[in-house]
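Written below as structure tokens is the structure these notes are about.
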Amino acid sequence: MAWNQVIFDNWAPKIWADIMEDLSSEREAWTIWPPKRTDPYWKDLTSNLIKQVLLRTSSVFPTIPHEGRHSFVSLENSHTLLAPTPCPISLTVLSALGVNIVQPPSHIFTTLISGGLPLAAMILSPPTLHEVLAKGYECGWWVPTDMFTKEIIDYLVFSEHTGNIGHLAGLPWFRSTTGSRITLRLTGGKPVHIIPTTEEEARLFCSYSNMMAWSALDDQLRLALLHRQSAGILAVTLLKAEHVLAVLEDKFQHLDGSGVNEEILQWILDFWTWLEGWSHRSNVFARQALVSSLPLYPPQWVLFDAYRTKSLTSKILGSMRRMHGKGWVFHHFILHFRTG
């Protein structure tokens, strides 16, 4: 009995490790590893074998397959993640993205995470996945894809206990209203991206390069990013008067009254209609000199087709009058188009 125990404790792990190095890639994943056994001879064999392969930095741990094929890795790489069974996120999704995921049988997983073993691989969690993805994107070993994005974001942000809005930082998950990819930064980083509160807001100010596309966010994530605490974690903001004025100036600074066509009139109507309901509209009119210099109201227009644009012009005036009644429009605007 004692002799058998010596064999299992000392020789068997080394011989088994030799065999695994030779045969792992030729066998089905995990079939060459010790089974779960509780009798005396087998009690410490799995632990001793793991110590042996870690000491050798052997690439004998099979990853979750991608396109039907496993790769075999050592656990000295901090970019490798150990996944429990069951796991709250699809591991094939992460594997398709290029993440090395090792999901051992439960008795091997328990041994690996029990402590005291020389492994750099981390246990899969929202913080460790974010760390691996952020480093991987920075190093260029994975490229952004619109596939699977929601599942990964939900795991990173909304997982119980360890989910965090900050796990979006450094990852190119989103698109701006101009179609370019957006990588959010932590607070203090540049650029600061605008989270639209309505689809109309995103549409009207789509030319602003840092405006996030409405379709880039589902309702749950949009609400999380709009929460006031998010601005203390990520470089995000709500639309401000300075953004509105920047778009107005860019859109109209080189346009004189003769360039106002039906399409622009429709945009102006949509703008005034939106502005009626915007709680920060007074900050726009605080820039009186700039706003009054732009062709946003009728006396400045030389219309190409008065008949076709009469209805739009009437609606724009109506919107301006309603805001004037609420005390928001500068009085000289109203006098100007009443007497013009």
If the reach is capped at under 22 angstrom between alpha carbons, list the lysines near Lys51, excluding any in the same chain fewer than eight residues apart. Lys14, Lys36, Lys43
About its Cα centre, what dipole magnitude does the chain give when the only charges are +1 on Lys and Arg Cβ and -1 on Asp and Glu Cβ, stated in debye to the nearest 20? 1120
Quick one: if you stick a label point 7 Å off each Cα along the C-beta vector at Ser207 and Asp9, how many nm between them? 8.0
Two pseudo-spin positions, 7 Å from Cα along C-beta at Glu263 and at His66, lie apart in nanometres by 4.2
Contour excess over end-to-end distance, with Cα ends at Trp42 and Leu290 and 0.36 nm allotted per residue: 81.2 nm
Less than 23 Å apart at the alpha-carbon level, and either on another chain or at least 8 residues along: which lysines does that give for Lys135? Lys150, Lys190
Cα axis of helix 149-158 to longest principal axis of the chain: angle in degrees, 0 to 90, nearest 10? 80
Provide, as a two-decimal number, the C-alpha radius of gyration of the chain over 2.2 N^0.38 Å, N being how many residues it has. 1.53
Compute the angle between helix 45-55 and the longest alpha-carbon principal axis of the chain, please, reported from 0 to 90 degrees and rounded to the nearest 10. 60
C-alpha center-to-center spacing [segment 28-65, segment 155-199] in angstrom: 40
Straight-line reach only, C-alpha to C-alpha below 12 angstrom: list the aspartates and glutamates that Lys315 could link to, leaving out same-chain residues fewer than 8 apart. Asp270
Explain nothing, just the number: dipole magnitude of segment 172-239 about its Cα centre with +1 on each Lys and Arg Cβ and -1 on each Asp and Glu Cβ, in debye rounded to the nearest 20. 320
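Since every read-out is calculated from the coordinates, none of them should be taken as a lab result. The structure displayed is predicted, hence computed values, not measured ones. A quick note on method: Cβ atoms are made from the backbone with ideal geometry, for glycine too, and the neighbour counts reach across all protein chains shown.
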